[in-house]
1. Provide Trp73, Trp10 ordered by accessible surface of protein heavy atoms (probe 1.4 Å), highest first.
2. Gap in Å between the Cα centre of segment 59-93 and the Cα centre of segment 161-219?
3. Give me the accessible area of Asp55, 1.4 Å probe, in Å² rounded to the nearest 10.
4. How far apart, in nm, are the 7 Å Cα→Cβ label points at Lys5 and Asp257?
5. I'd like to check one number: the per residue accessible area of the chain, probe 1.4 Å, reported in Å² as a whole number.
6. In segment 201-217, which residues have a backbone nitrogen under 18 Å from the label point lying 7 Å from Glu236's Cα in the Cα-to-Cβ direction?
7. I'd like the carbon and sulfur percentage of the solvent accessible area for the chain, probe radius 1.4 Å, heavy atoms only, ligands and nucleic acids excluded.
8. Cα atoms only: what Rg and Dmax, in Å, come out for segment 49-97?
Amino acid sequence: MPERKPIESWLTDMDGVLIHEGVPIPGADAFLKKLRESGKPFLVLTNNSIYTPRDLHARLSRMGLDVPIENIWTSALATAKFLDDQRPCGSAYVIGEAGLTTALHDIGYILTDHEPDYVVLGETRTYSFEAMTKAVRLINGGARFICTNPDETGPSTEGPLPATGAVAALITKATGRKPYFAGKPNPLMMRTGLNTLGAHSETSAMIGDRMDTDVLAGMEAGMQTFLVLTGLTRPEQVEAFPYRPSKVVDSIADLVDRV
């Protein structure tokens, strides 16, 4: 195999890599500090579309992790960038929280339930039957169906919660229309993130805790991939996949010296 070029920019997942259930993972603060000191471009990614980058910056700060707002990239931002490229100044009926509605407002989208160009489904803790019914009728009426991410469940202190992918499946059953997912594992999220940094995939790396989203998206975007074992994927599960990360490490602490 040809030798990879040195890593000049980094993308890293947030949950399972930097934090776990609201607590920083040992080594996360050192890794972020080294990144800031190095001056290398980096982004912290999340498929969760609930929060704005400003919200996430504040949450991470309370945990002792310093991530500038401009270094946070969410599936909501990736979705907004995709829609802005596809149909600038369009309209959308949105099921989601501030992270998604703010991202769409910022690109000049009109949020409406009257003949929208798109139905955009994101994460929320309050999925309503009324909103889902409205989405079904709008899609049947010709609106295009977009989702921020395909995650079927999300974490909570009480246990797994139904997430965007599960609700999307319900709407697909009712309409016969499958959505376009903008978030991981779609490499679009990686590529738009790299474009935001002005970085190239050949000299970039993706760190994640999931083979089926983080590693897959990074690999398909042409980046080096690092799997950490502090999240969802266990060591014995790696061999079950038809693709492999560039390297498997115990935690983010093992990558501090790579920056």
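The values are calculated or read from the model by the stated rules, or taken from the named source; none is laboratory data. Note that the structure is predicted; figures quoted are calculated from it, not measured. When we count neighbours, we look across all protein chains shown, and the Cβ atoms used for this are built from the backbone with ideal geometry, even at glycine. To get the accessible areas, we keep the full protein, side chains included, count just its heavy atoms, and leave off ligands, DNA and RNA. Shrake-Rupley method; radii C 1.70, N 1.55, O 1.52, S 1.80 Å.
1. From most accessible down to least: Trp73, Trp10.
2. With segment 161-219 and segment 59-93 each reduced to a Cα centre, they are spaced 13 Å.
3. So the heavy atoms of Asp55 present about 60 Å² to solvent.
4. Reported label-point gap for Lys5 and Asp257 is 2.6 nm.
5. Numbers: 12320 Å² over 259 residues.
For the chain, the solvent-accessible area averages 48 Å² per residue.
6. 211
7. On the way: 6350 of 12320 Å².
Result for the chain: 52 percent of the exposed heavy-atom area is carbon or sulfur.
8. 13.1, 39
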